[in-house]
Amino acid sequence: MSTISIIGSGGMAAAIGGLAAKAGHSVEVMSRDAAKARALAEQIGAGATTATFGAAPAGDIVILAVPYSAVLDVVKQYGEELAGKLLVDITNPIAPDYTSFVTPADSFGAQEIAKAAPANAEVVKAFNTLFSHVLAAGPIEGHPLDVFIAGDNTQAKARVSAFIETLGLRPMDTGPLLMARTLEHVCLLSLSLMAHSVKHTNFSIGVSLLG
């Protein structure tokens, strides 16, 4: 197993960190709020550690588990400390009205993160279509949750896919990083379903393979 660094201390950080620790990975947590990082590491258990926010992450895979409103500043603050790292973007740049996005019209969240990151860091979109409590619960009745991923580097996507599989989840490669724009729209679709038909968040969007 490997070391997974998580920047953030919210629900998604807890969900991914908990599954990673359960799968045997070493988990490192970093947050602007050091007390929250320590509390999350204790919650995750299994020897999870904390590190100074802004210092070089120990893991080669770094989960960006902060809101989109903060992620660009976080990536810029880390700067060259993220050089050579595989950055997993789980964010959704959705506006407060839940019907539009805060990114420029000709761009999308993952692309803006790639622009802010060091040139030799690889960005892979993943986990952004799952609600944190659904992800934390893991497979339901033997059926793994689908984790859609997008990225331009084949090796980076293979590493993220392998990590996802260790969590008992099913990676679904959607293609190049450009497809992250579509995955961000899938999150918007989930929010619309929650508001207009499903009426709760105890669901996930996945693929049923027939035949």
Just wondering, is there one or more residues in the range 193-201 that are touching a residue at least 40 places away in the same chain (Cβ under 8 Å) and over 16 Å from the mean Cα position of the chain (by Cα)? yes
Return yes or no: is residue 171 under 14 Å from the mean Cα position of the chain (by Cα), closer than 21 Å to residue 20 by Cβ and surrounded by 13 or more Cβ atoms within 10 Å (Cβ to Cβ)? yes
Using the structure shown, decide if residue 161 is polar (S, T, N, Q) and either loosely packed, with under 13 Cβ neighbours inside 10 Å or out of contact with any strand residue (DSSP E or B) (no Cβ under 6 Å at 6 or more places or on another chain) (or both). no
Quick one: is residue 71 assigned to a helix (DSSP H, G or I), among the aliphatic types (A, V, I, L, M) and over 23 Å from residue 51 (Cα atoms)? no
Going through (1) touching a helix residue (DSSP H, G or I) at 6+ places or on another chain (Cβ under 7 Å); (2) over 21 Å from residue 26 (Cα atoms); (3) not β-branched (Val, Ile, Thr) one by one, residue 105 fails only at (1)
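Given the criteria in contact with an Asp or Glu (Cβ under 7 Å, 6 or more places away or on another chain), at pLDDT 95 or above and part of a loop (DSSP other than H, G, I, E, B), does residue 110 qualify?
no
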Taking the range 104-139 only, how many residues are touching a Phe, Trp or Tyr at 6+ places or on another chain (Cβ under 9 Å) and basic (Lys, Arg)? 1
Flag for residue 137 being without any contact (Cβ under 8 Å) to a residue 12 or more places away in the chain and closer than 22 Å to residue 24 by Cα: yes
So residue 96 clears everything in (1) part of a helix (DSSP H, G or I); (2) without any contact (Cβ under 8 Å) to a residue 24 or more places away in the chain except one condition, right? Which one? (1)
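I need a count of the residues in the range 1-23 that are outside any loop (DSSP other than H, G, I, E, B) and under 17 Å from residue 160 (Cβ atoms).
Counting residues in the range 1-23 that are outside any loop (DSSP other than H, G, I, E, B) and under 17 Å from residue 160 (Cβ atoms) gives 12.
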For residue 129, state whether it is of a type in the set (S, T, N, Q), surrounded by 21 or more Cβ atoms within 10 Å (Cβ to Cβ), within 25 Å of residue 193 (Cβ to Cβ) and touching a strand residue (DSSP E or B) at 6+ places or on another chain (Cβ under 6 Å). yes
Could you identify the single residue in 29, 66 that is surrounded by 16 or more Cβ atoms within 10 Å (Cβ to Cβ), over 24 Å from residue 190 (Cα atoms) and either touching a Pro at 6+ places or on another chain (Cβ under 6 Å) or not hydroxyl-bearing (Ser, Thr, Tyr) (or both)? 29
Please go through the range 138-153 and give me each residue that is under 22 Å from residue 185 (Cα atoms) and part of a strand (DSSP E or B), ordered by number. 146, 147, 148, 149, 150, 151
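The values are calculated or read from the model by the stated rules, or taken from the named source; none is laboratory data. What you see is a predicted model, and the numbers here were worked out from it, not measured in a lab. Positions of Cβ are backbone-derived with ideal geometry, glycine not excepted, and every protein chain shown enters the neighbour counts.
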